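Take a look at the structure set out below.
Taken together, the values in this text are just the output of simple stated rules run on the coordinates, not laboratory data. Here the structure is a predicted model, which is why all the values come from computation and not from measurement. Please note: Cβ atoms are built from the backbone with ideal geometry, for glycine as well, and neighbour counts cover all protein chains shown.
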Amino acid sequence: MRARRRFGQHFLHDPAVQRRIVEAIAPVPGETIVEIGPGEGALTRPLIERAGRVAAIEIDRDLAARLAREFPPERLALTVGSALEHDFGALPAGTRLVGNLPYNISTPLLFHFARFADRLRDLHFMLQLEVVERMVAAPSTPQYGRLSVMLQCRFRMKRLFNVARGAFRPPPQVESAVVRLEPLAPGAFPRFDPSALEETVRRAFSARRKKLRNALPIGAADYAALGIDPNLRPENLSPSDYVRIAQRLAG
């Protein structure tokens, strides 16, 4: 199959990388595993071999048809459509998500998956290396930003290993990495309104170089009550700081 640019397709073909990803996932029979964008089936086949059954969401009808011819429905439950429009809240608790995400829409996909963190056991994704570095970045580092905060409020994350461009067909223009996300346990993080937090973080990082007192619409008394220095910049705050600011603004 020719890779289609509009779908951001780069097919994984390196057997060593395939094995390493599946070993990191360590699937076992009986688990609910959903693969995002199975493509030509490089991960699908070993996942089915070890788990017995996999569900998959594929936007490319031609690729989905090929996989449907190869695997019966009891082995591969295929949904043809966009993962951005899929309701993952309907999945059973403990679902595991895996996939080589299309790099052109990886950030919107990650935000979408984060809404269903309470339904998921873990997520293993191949992504652009730069995106993974932003996901796991610590405060006060150049990579730390909106994506870091919004995901770290919901997940514990770890970059597992890098993947060279030659592992794909056609090779992408960027380096890649595999990352694991595990939802934080209930109570491990303060409760928050996702919409309020998202708006707070968006406003803060749209004025990244400004001091907080000029970036967010709260006064000196609010910063004093929160114990946050208003002369800091948005990149200096932790995810829990942003949760407390969002709660203050919503209140």
If N is the number of residues in the range 163-251, what value comes out of its Cα radius of gyration divided by 2.2 N^0.38 Å?
1.47
Quick query: amide H of Cys153 versus all other amide H atoms, modeled in the peptide plane; which residues come in under 5 Å with a sequence gap of 5 or more or a different chain?
none
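Kirkwood hydrodynamic radius for the range 108-148: how many Å is it when counted over pairs of different Cα atoms?
Values: mean 1/r = 0.0885 Å⁻¹.
Final number for the Kirkwood radius of the range 108-148 is 11.3 Å.
Starting with the fewest neighbours, write out Met157, Met135 ranked by other beta-carbon atoms found within 10 Å of each beta-carbon. Before the final figure, lay out the partial values.
Values: Met157 17, Met135 26.
Placing the least packed residue first, the sequence is Met157, Met135.
If each residue of separation counts as 0.36 nm, what is the full-extension length gain between Asp222 and Ala68 once their alpha-carbon separation is subtracted?
On the way: separation 154, 0.36 × 154 = 55.44 nm, distance 5.73 nm.
In short, 49.7 nm is gained.
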